[in-house]
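Structure first, then comments.
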Amino acid sequence: MIRGGLLVVVFCLSCHPPPPGGGSPQAATDVAIRVNQLGYQSNAPKVAVVCALAPRAITSFRLVDARNRTVFGPRPADAAGPFGPCATTYRLDFSALGRAGVYRIVAADVTSSPVRIADDVYRGAADSLLAYLREQRSGYNPVFRDSVHQRSDGILVDHPTRTGEFIPVAGGWADASDYLQYGTTTAHATTMLLLAYRDHPDAFADRFQANGLPGANGTPDVLDEARWGLAWLLKMYPEDDLLLNQLADDRDHTFWDLPVNDSADYGWGRGGKRPVYPCTGKPQGLFENKNRSTGFASTAGKYAAAFALGAEAFTGRDSAFARRLAGRAQAVYALGAAHPGVCQTAPARSPYFYEEDNWADDMELGAVELYTLTRESTYFAAALQYAAQEPVTPWMGQDTARHYQWFPWHNNGHYEIWRAGSDSAKRLVAEYYRRGLEAVVKRAHNGFRIGIPFIWCSNNLLASFATQATFYRTMTGDSTYLEYENAALDWLFGTNPWGVSMVIGLGDNYPRTPHSVVAQQLHLQLTGGLVDGPVYRAIFQNLRGIRLVESDEYAQFNTGFIVYHDDVGDYSTNEPIMDGTANLAYVLAARFRGARGR
Ligand SMILES: [Ca+2]
Ligand SMILES: [Ca+2]
């Protein structure tokens, strides 16, 4: 989500409807007990966190059942120090309670919301994410049952010789609540869907057709959605040396309107054609703001990986489609190898863009997926070389980073090398992952066990941390980081200072007024959408054009170094994001399989 449109907020001030009901935050007192609102699997670690807004001594806690009978405890509450708005925190560990049921936690005369223990608490969670992706579809959109940008996409811009040429690129997903579309986020999202299905197929159902309308079609919905992404990426790579990277730009932000009547004007009239940007290997930006692009490889590697994984996934389902994907995977990988460097997204009127600075991670993933597909050893050797260039995703252990500076937020390539490689290669990439996890954990000495930097899209970092920890645990059997892996998921589903599940429609208390024109004007719940999540107060205060449009129901929890607002005006913490949503698919699918007693 790259925003910054002042007009958006001005418009909201006059048109914001009354918020839908429900979701009142807990904490009539100054003590809140935060829990994972999906629940806890029977044999998993189980921890709730107390956030006390004033210093408060809490010695013990217990769990009660529906009849208010104590079923666990009293046990000691572990004091864990201050964090953000919490003057002090306590960790309440009830891992020893394994009996399925619905309970409440009682501590300091405060009773929590219901706590569910069951093996199937993640059932349907990964599938729920797909609802948001269907809602975000461009081309034919099943929510509107209408075409979106079908005839407007797009006119080639910023090309040395072919600027002004029409190239058909309708399709894909809108990136967030604006209607820009990026090859880099789409390719990563598609990859996450394909990996999630490959490793955890049981987590996904078949209730929708290829076009996103209700009705089974014999294909798991996660593959329907992945194919939607792949079909668009193929359009975005129409010729061997023409790699398209971005559709539309931030001139989209001028108007706050629905995608079916988008009235953005890119110089061809309101609601007219949209620009499509190629990778050029040079800094891009049609106006005063420029990115710092240096090559093609960051985008080419991601396309290669998605195409190669797609070829594997569709071999038995549609061999012609699979063969085409395999051919495009090899071509785009070669283009990336010939043009090392990053292909960043292009800013227009606003200064914001995806400032991706790493590309070896992307080429590593592309190379190892091509090795898996073709068994050509040169690809595997290249993957190992790229892996050695960036063993640890650089945000891990840092206090801050630029917007999407290290993307994707975890490196799928190491896991794929582990799957395909020798024992020595397996040990090497497991150690790479361990170093990254250790760096984050070193910063996680707080009651919530969270060690990420609270930059824009912090929820993506948590999803990626949990995914990398899941990979590492699968690869090594080492559960050293399991407490932190669980804490990251618990945070995303409500164990955070605000008590908010960050996925719309999942849990008891989730965002009701996301930064989305579709949600606002159609009164539509964007089920499955992961919002950006809390950011450092300084980031919130310095972004352009943010104004809250309603009173802050979480004001008492927004007094610390990080803030979150369930407010349609806050594009920094409360905007659902396509790539972040898909980024959560793998780890939720893996938890589903955990329900089967793995
Ligand atoms: Ca289906
Ligand atoms: Ca990268």
Point to revise | Extended-chain gain in nm, criterion 0.36 nm per residue less alpha-carbon gap, residue 476 and residue 261 | key: 72.3 nm
Check your understanding: Can you pull the accessible area of residue 240 for me, 1.4 Å probe, Å² to the nearest 10?
Key -> 90 Å²
Practice item. Roll a 1.4 Å probe over the protein chains and send me the accessible area per residue for region 220-340 in Å². Key: 34 Å²
Check your understanding: Any idea what the relative contact order of region 87-156 is, in percent, if you count C-alpha pairs under 8 Å spaced at least 6 apart?
Key -> 16 percent
Review point. Taking the Cα centre of the chain as origin and charging only Cβ (+1 Lys, Arg; -1 Asp, Glu), how large is the dipole, in debye to the nearest 20?
Key: 1020 debye
**Study point:** Nearest-ten-degree value, helix 319-338 long axis tilted from longest Cα axis of the chain
**Key:** 80 degrees
Practice item. Hey, can you find the accessible area per residue of region 437-540 for me, probe 1.4 Å, expressed in square angstrom? Key: 23 Å²
Check your understanding: residue 445 accessible area, nearest 10 Å², 1.4 Å probe?
Key -> 150 Å²
Exercise for review: With a probe of 1.4 Å, find how much accessible area region 36-149 has per residue, and write the answer as a whole number in Å².
Suggested key: 40 Å²
Practice item. Could you look at the chain and say what percent of its accessible area is carbon and sulfur, using a 1.4 Å probe and all protein chains? Key: 51 percent
Point to revise | Degrees separating the helix 482-492 axis from the principal Cα axis of the chain, which is the longest one | key: 80 degrees
Review point. Region 322-394: which trypsin sites (Lys or Arg not before Pro) are DSSP loop and have at most 10 other beta-carbon atoms within 10 angstrom?
Key: 375
Practice item. Could you count how many Lys pairs in the chain have their Cα atoms under 24 Å apart, skipping same-chain pairs fewer than 8 positions apart? Key: 9
Check your understanding: Which whole-number percent gives the relative contact order of the chain, counting Cα pairs below 8 Å spaced six or more residues apart?
Key -> 17 percent
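The values are calculated or read from the model by the stated rules, or taken from the named source; none is laboratory data. Just so you know, these numbers come straight off a predicted model, no measurement behind them. Virtual Cβ from ideal backbone geometry, glycine too; neighbours counted across all protein chains shown. Surface accessibility is based on the protein's heavy atoms, side chains included, excluding ligands, DNA and RNA. Shrake-Rupley method; radii C 1.70, N 1.55, O 1.52, S 1.80 Å.
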